Amino acid sequence: DNHDIISLKLFQLTVERTPEEEKRDREVFLPVVDNLRLPGMEAPLEPMSGLALFLIVFFSLVAIVFAIVIGIIIYNKWQEQSRKHFY
C-alpha cells in the first residue's frame, strides 16, 4: 500500500527554559500549521471584470463565426470539385 503523509503535528514533551528564553520564544508553546497548503486548496481566483468577460465572449463568438464561414467556403469548393463535368 502507498500512503501519503499530509501533515505532522509534533510536540516537545519536556521543555526546560530559562526566563529569558520564555520571553523570547512565547510562540513555541503551541505548534501550528497555518501555512500548510494541501494540493487542491489554492486560494480562489478573483472574478473577472465585466469588460474582460465581455471581450472573451465577444472574441470567442467572432472566432466561431469565422470558423463557420471558412468551413462553408471550403465545403462549397469541395462540392464544386466533386461534381462530374461532362464537357
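Highest average first, the peptides 66-75, 1-10 ordered by how many other beta carbon atoms sit within 10 Å of their residues are 66-75, 1-10.
Work out how much length Ala52 to Asn76 would gain on full extension: take 0.36 nm times their residue separation and subtract the Cα-Cα distance, in nm to one decimal.
Result: 5.0 nm gained on full extension.
Each reported figure results from applying straightforward, stated rules to the coordinates on display, with no laboratory input. The structure displayed is predicted, hence computed values, not measured ones. Note: ideal-geometry Cβ built from the backbone for every residue, glycine included; neighbour counts use all protein chains shown.
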